[in-house]
Amino acid sequence: MTQNLPVHHRWLLVAAIAVGFLAFAAVFLVLTGIIAEPETVIENIVRALLGQ
């Protein structure tokens, strides 16, 4: 299926799958209680990305 796609479309597909997996993993960690305060984790990620 992916052998006929242009290279940039393959990277978009890979990126979409990776983002979906990370979102699933984050929801799983929150629901199992491993991440007790998801707001704090999200705030820390945003601060790290913005360099604050």
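The values are calculated or read from the model by the stated rules, or taken from the named source; none is laboratory data. Remember, predicted model here, so these are calculated numbers, not experimental data. Note: ideal-geometry Cβ built from the backbone for every residue, glycine included; neighbour counts use all protein chains shown. Just so you know, the surface numbers come from the protein's heavy atoms only, side chains and all, with ligands and any DNA or RNA stripped out. Shrake-Rupley method; radii C 1.70, N 1.55, O 1.52, S 1.80 Å.
Overview of results
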quantity	calculated
Subset of the range 1-18 [open to solvent by less than 100 Å² (accessible area, probe 1.4 Å), among the β-branched types (Val, Ile, Thr) and modelled with pLDDT of 80 or more]	VAL14
Test result for ALA36, touching a helix residue (DSSP H, G or I) at 6+ places or on another chain (Cβ under 9 Å), small (Gly, Ala, Ser) and part of a loop (DSSP other than H, G, I, E, B)	yes
Considering residues of the range 37-52 that are of a type outside the set (Val, Ile, Thr) and within 18 Å of VAL27 (Cβ to Cβ) only, the residue modelled with the lowest pLDDT	PRO38
Test for ILE42: is it of a type in the set (Val, Ile, Thr) and touching a helix residue (DSSP H, G or I) at 6+ places or on another chain (Cβ under 7 Å)	no
Matching entry among GLU39, GLU43 (being open to solvent by 100 Å² or more (accessible area, probe 1.4 Å) and of a type outside the set (Val, Ile, Thr))	GLU39
